[in-house]
Amino acid sequence: MLQVNSLQKSYHKQKILNDVNLIVKPGEVVGLVGENGAGKSTLLEILATVQPQSNGSIILDDKSYSKEIKNIRKLIGYVPQEISLWEEFTVAENFMFFEKLSWKRRSLEECKQLCLDMQLNKWDEPVESLSGGMKRKLNLAISLIHDPILILLDEPTVGIDMKSKEEIGNYLVNLAKNEGKMIIYTSHDMSEITSFCDRIYCLGKDPFYADLLKSRGIAVEELV
Ligand SMILES: Nc1ncnc2c1ncn2[C@@H]1O[C@H](COP(=O)(O)OP(=O)(O)OP(=O)(O)O)[C@@H](O)[C@H]1O
């Protein structure tokens, strides 16, 4: 389980996250929505240990972020908004590189299967020849090499066509339901968020997203 208690984050004197309380249980897919600048990426970066919170506590699988950061990192798969791949190398070479950095050993066959699970059949193609959507799928597949229990995805489906969005959404739901993964992802696509997420959290001061979801009869929890 992931437990976020009274989390605060300020950049210089600007308060971005005020008092965030969040619980995610194994098997849950949780959506994070909110206006541009609401703090969605900041929250994911803190959960991914890329940057520290200003205040508050985070506990993952009974381990405290403040005490066991090395062990915590082994449990997290994080895909930031920016695609980070070796463009001039093939999909296979990218997997070989990232597998070497991974906490867990995976055979090439297993890596290839991760790609196929994502409907990405470009094993021997250079990454620079892939479309933007295919690169996003590859980034996501690479983040799963070490079999994380918490998967954090920052707008993973931007630029992805509708069919691929559906495939990725179903894949994530299956990962959560069949393997007990906890998944948190941000998106500005309301139909995607409402179809794939068990729960939706709304960040930021602008009530637009929360009101929109409530007007469609969708339960939403507000974070500040
Ligand atoms: N390193 C930083 N230093 C100072 N301010 C920052 C930094 N990173 C983000 N911010 C500010 O924090 C606020 C939240 O940014 P963040 O990227 O978390 O929002 P977001 O909800 O993910 O937005 P978007 O939907 O546009 O991706 C913004 O006002 C942003 O300018």
- The number of residues in the range 113-163 that are of a type outside the set (A, V, I, L, M) and closer than 27 Å to Leu75 by Cβ is 16
- Item | Pick from the range 45-99, criterion of a type in the set (A, V, I, L, M) and part of a loop (DSSP other than H, G, I, E, B), ranking: nearest to Gln113 (Cα to Cα) | Leu85
- So the helices (runs of 4 or more DSSP H) completely within the range 157-224 holding 3 or more residues that are within 16 Å of the ligand (Cβ to nearest atom) are 190-196, 208-215
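Which of the following residues is of a type in the set (Lys, Arg) and surrounded by 20 or more Cβ atoms within 10 Å (Cβ to Cβ): Lys137, Lys100, Lys104?
On the way: Lys100 fails: surrounded by 20 or more Cβ atoms within 10 Å (Cβ to Cβ); Lys104 fails: surrounded by 20 or more Cβ atoms within 10 Å (Cβ to Cβ).
The unique qualifying residue is Lys137.
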- Answer yes if at least one residue in the range 9-30 is more than 12 Å from the ligand (Cβ to nearest atom), assigned to a helix (DSSP H, G or I) and surrounded by 16 or more Cβ atoms within 10 Å (Cβ to Cβ), and no otherwise. no
- Message: I'm checking my understanding of the structure. Among residues of the range 31-48 that are among the β-branched types (Val, Ile, Thr) and under 14 Å from Leu203 (Cα atoms), which one is surrounded by the fewest Cβ atoms within 10 Å (Cβ to Cβ)?
- Response: Thr42
- Message: Could you go through the range 50-70 and let me know if any residue there is closer than 16 Å to Leu153 by Cα and aliphatic (A, V, I, L, M).
- Response: yes
- Note on the structure: Residue pairs qualifying under the 8 Å Cβ cut-off, at least six apart or on distinct chains, with the first in the range 20-40 being in contact (Cβ under 8 Å) with a residue 40 or more places away in the chain and in the same structural domain as Ser57 (by TED's automatic domain parsing) and the second being part of a strand (DSSP E or B) and among the small types (Gly, Ala, Ser), are Val20/Ser6; Val20/Gly56; Asn21/Ser6
- Query: Restricting attention to the range 101-154, which residues are in a loop (DSSP other than H, G, I, E, B) and touching a Cys at 6+ places or on another chain (Cβ under 7 Å)?
  - Reply: Trp123, Ile145
- Query: away from the ligand (no atom under 13 Å from the Cβ) and out of contact with any strand residue (DSSP E or B) (no Cβ under 7 Å at 6 or more places or on another chain): does that describe Gly37?
  - Reply: no
- Note on the structure: The number of residues in the range 4-48 that are under 22 Å from Ser187 (Cβ atoms) and of a type outside the set (A, V, I, L, M, F, W, C) is 16
- Among the residues of the range 55-112, write down those that are among the hydrophobic types (A, V, I, L, M, F, W, C) and without any contact (Cβ under 8 Å) to a residue 24 or more places away in the chain. Ile69, Ile72, Met96, Phe97, Leu101, Leu108
- Within the range 78-86, can one find any residue that is within 16 Å of the ligand (Cβ to nearest atom), hydrophobic (A, V, I, L, M, F, W, C) and either surrounded by 13 or more Cβ atoms within 10 Å (Cβ to Cβ) or farther than 30 Å from Trp123 by Cα (or both)? yes
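The values are calculated or read from the model by the stated rules, or taken from the named source; none is laboratory data. The shown structure was predicted, so the numbers you read here are calculated from the model rather than taken from an experiment. Because the Cβ atoms are built from the backbone with ideal geometry, glycine has one as well, and the counts that use them run over all protein chains shown.
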